[in-house]
């Protein structure tokens with residue numbers, strides 16, 4: 001492994017560093033989405049029971065003590081419960097839009113890694129070939145095949161490393177973006193449930 005990193009040069013170290021960053025982002029986002037999904041089901045059931053009894057202060061307290069996308073929407077809806085249904089719905093939808101940045105946290109960075117990892121691999125290919133042809137230029141012929149092989153190895157290794165990092169990063173990036181879109185749709189459906197529960201003015 002150390003030999004591979006040495007052969008790949010500085011660019012290989014950069015690609016490896018990006019792979020670590022990508023892995024951390026992917027794991028953090030997967031855990032985040034899993035947590036809010038579990039919390040959402042519990043909170044919805046608890047809040048439904050509370051709202052059906054018209055215990056609005058208790059429902060607000062639950063939302064404030066358990067911050068998450070769904071409880072933030074619930075809190076806004078409860079605070080505007082005396083308004084007409086359409087106003088409640090629009091207010092909650094506006095609040096839902098404010099939740100999008102927290103769900104998309106770090107995803108732009110992951111998207112950037114998916115784009116630059118293969119480009120860095122290509123850069124490694126170019127610098128490796130420059131190194132290899134530099135050997136040929138200095139010696140006039142392949143006097144030391146080891147020197148030529150080192151340049152070619154750097155070119156091939158960084159290209160492979162860039163693709164190895166980019167391919168799973170692209171898969172997870174697309175998965176996480178779709179996850180955010182599905183959550184937004186689900187939150188919009190929850191809005192309709194909440195408006196019915198709150199029963200705003202006609």
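The values are calculated or read from the model by the stated rules, or taken from the named source; none is laboratory data. None of the values given here were measured: they were computed from a predicted structure. In this analysis, Cβ positions are derived from the backbone assuming ideal geometry, glycine residues included, and neighbour counts consider all displayed protein chains.
Looking at (1) at pLDDT below 85; (2) part of a loop (DSSP other than H, G, I, E, B), which is the one condition that is false for residue 130?
Exception for residue 130: condition (2).
When both residues are 6+ apart or on different chains and their Cβ atoms are under 8 Å apart, which pairs have a first residue that lies in the stretch 164-189 and is on the phi > 0 side of the Ramachandran plot and surrounded by fewer than 18 Cβ atoms within 10 Å (Cβ to Cβ), and a second that is modelled with pLDDT of 95 or more and part of a helix (DSSP H, G or I)?
No pair meets every condition.
Among the numbered criteria (1) assigned to a loop (DSSP other than H, G, I, E, B); (2) under 26 Å from the mean Cα position of the chain (by Cα), which one does residue 82 miss?
(2)
Taking the stated definitions as given, is residue 25 under 30 Å from residue 152 (Cβ atoms) and surrounded by 14 or more Cβ atoms within 10 Å (Cβ to Cβ)? Step through it out loud before you land on a result.
Working: under 30 Å from residue 152 (Cβ atoms): no; surrounded by 14 or more Cβ atoms within 10 Å (Cβ to Cβ): yes.
It is false that residue 25 is under 30 Å from residue 152 (Cβ atoms) and surrounded by 14 or more Cβ atoms within 10 Å (Cβ to Cβ).
Inspect all residues belonging to the stretch 93-105 and state whether any of them is closer than 30 Å to residue 156 by Cβ and modelled with pLDDT of 85 or more. I'd like the intermediate steps shown before the answer.
Taking the stretch 93-105 and keeping what is closer than 30 Å to residue 156 by Cβ, we get none.
No, the stretch 93-105 contains no residue that is closer than 30 Å to residue 156 by Cβ and modelled with pLDDT of 85 or more.
Sort out which residues of the stretch 40-59 are assigned to a helix (DSSP H, G or I) and surrounded by fewer than 18 Cβ atoms within 10 Å (Cβ to Cβ), and write them in order of number. Please lay out each step first, then the result.
Narrowing the stretch 40-59 to residues assigned to a helix (DSSP H, G or I): 40-52, 56-59.
Listed by number, the residues that qualify are 41, 42, 44, 45, 46, 48, 49, 52, 56, 57, 58.
Going residue by residue through the stretch 24-45, is there one that turns out to be more than 11 Å from the chain's Cα centre (by Cα), touching a residue at least 60 places away in the same chain (Cβ under 8 Å) and more than 25 Å from residue 106 (Cα to Cα)?
Yes.
Regarding residue 98, is this residue part of a helix (DSSP H, G or I) and touching a helix residue (DSSP H, G or I) at 6+ places or on another chain (Cβ under 6 Å)?
Values: part of a helix (DSSP H, G or I): yes; touching a helix residue (DSSP H, G or I) at 6+ places or on another chain (Cβ under 6 Å): no.
When the stated conditions are applied, residue 98 does not pass them.
Yes or no: residue 125 within 30 Å of the chain's Cα centre (by Cα), modelled with pLDDT under 85 and more than 30 Å from residue 193 (Cβ to Cβ)? Talk me through it step by step, then tell me what you get.
Working: within 30 Å of the chain's Cα centre (by Cα): yes; modelled with pLDDT under 85: yes; more than 30 Å from residue 193 (Cβ to Cβ): yes.
Judged against the criteria, residue 125 is a match.
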